[in-house]
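Okay, so here's the structure we're looking at.
The values are calculated or read from the model by the stated rules, or taken from the named source; none is laboratory data. All figures in this text were calculated on a predicted structure; none of them were measured in a lab. Methodologically, a virtual Cβ is constructed for each residue, glycine included, from the backbone with ideal geometry; neighbour enumeration extends over all protein chains shown.
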Amino acid sequence: SQQGEEDPQALSIQEGENATMNCSYKTSINNLQWYRQNSGRGLVHLILIRSNEREKHSGRLRVTLDTSKKSSSLLITASRAADTASYFCATDAKYEDTDKLIFGTGTRLQVFP
Amino acid sequence: KAGVTQTPRYLIKTRGQQVTLSCSPISGHRSVSWYQQTPGQGLQFLFEYFSETQRNKGNFPGRFSGRQFSNSRSEMNVSTLELGDSALYLCASSSGTPSFTEAFFGQGTRLTVV
């Protein structure tokens, strides 16, 4: 089964609002990454957070990581219609496979103008 | 620099046929990974190649195979196609180990098996 589970599955908000999506995973990790996918297209890397980091920022994105709870959250502040996409977390499996990314189920974000 | 290029973008095949998909990674990237994306199963890892060697393989039947050439370009092949193989196939290139570095994805090849 997949490593990551994302919550919520779908999220609808108005432009200007903040969007928060969560990811839970099952095994110990080295790193966790977040990706965005516009409808039916390739994935775009957003941010990578290492297991010894607790928070990371990139522009309007803020990612937190809680390894004790095996969870991460992605916050998009002041959302825009262009943020409409699916968002995926991806991890490795620290003691098993570091040569592959295991993706979560994704959160579908809709931002209304 | 040029991004990851996948060809073709769209394919329609009939059951029982075979198909070959191609991926040209970003120049200088030696790691190429392949993923299958379907509405029901999400993004599933197929395999990863680094310097022409398959380092990891996902839980797919032997009908799914791949290879990487000395110029890092990669191909994946699916033989004896089944309806369930209909999916978006994504290729990603990385400069190093995929979990430690940013992966750059191509636009994908959408395969429809009829």
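Per-residue answers, yes or no, for (1) at pLDDT 95 or above; (2) more than 14 Å from every other protein chain (Cβ to nearest Cβ):
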| residue | (1), (2) |
| --- | --- |
| A:S1 | no, no |
| A:E5 | no, no |
| A:K26 | no, yes |
| A:W34 | yes, no |
| A:S58 | yes, no |
| A:R62 | yes, yes |
| A:S73 | yes, yes |
| A:D97 | no, no |
Next item on the list: State all residues of region B:7-28 that are surrounded by 19 or more Cβ atoms within 10 Å (Cβ to Cβ) and over 16 Å from B:T112 (Cα atoms); if no residue qualifies, say none.
Entry: B:C23, B:S24, B:P25
Note to self: When you scan region B:71-80, do you find a residue that is surrounded by 22 or more Cβ atoms within 10 Å (Cβ to Cβ) and either within 14 Å of chain A (Cβ to nearest Cβ) or more than 25 Å from A:H45 (Cβ to Cβ) (or both), even just one?
What the structure shows: yes
Notebook entry, point to check: Do any strands (runs of 3 or more DSSP E) lying entirely in region A:37-113 carry at least 1 residues that are under 10 Å from the mean Cα position of the chain (by Cα), and which ones are they?
Noted result: A:43-50, A:61-66, A:71-76, A:85-93, A:97-103, A:107-112
Margin query: assigned to a loop (DSSP other than H, G, I, E, B), more than 14 Å from the chain's Cα centre (by Cα) and within 12 Å of another protein chain (Cβ to nearest Cβ): which single residue out of B:G40, B:G16 fits that description?
Written below: B:G40
Note to self: Anything in region B:104-114 that is among the hydrophobic types (A, V, I, L, M, F, W, C), buried (at least 17 other Cβ atoms within 10 Å of the Cβ) and either more than 7 Å from every other protein chain (Cβ to nearest Cβ) or more than 11 Å from the chain's Cα centre (by Cα) (or both)? List them, or say none.
What the structure shows: B:F104, B:L111, B:V113
Notebook entry, point to check: In region A:22-53, which residues are loosely packed, with under 15 Cβ neighbours inside 10 Å and either on the phi > 0 side of the Ramachandran plot or touching a residue at least 60 places away in the same chain (Cβ under 8 Å) (or both)?
Noted result: A:T27, A:S28, A:G40
Checklist line | Looking only at region B:90-103, and only at residues there that are more than 7 Å from chain A (Cβ to nearest Cβ) and assigned to a strand (DSSP E or B), the one that is surrounded by the fewest Cβ atoms within 10 Å (Cβ to Cβ) | finding: B:S94
Notebook entry, point to check: Given the residues B:K1, B:K57, B:K13, which is the only one that is at pLDDT below 95, over 21 Å from A:A90 (Cβ atoms) and out of contact with any Cys (no Cβ under 8 Å at 6 or more places or on another chain)?
Noted result: B:K1
Check: In region B:33-55, which residues are surrounded by fewer than 17 Cβ atoms within 10 Å (Cβ to Cβ) and at negative phi?
Finding: B:T38, B:P39, B:G40, B:Q41, B:T53, B:Q54
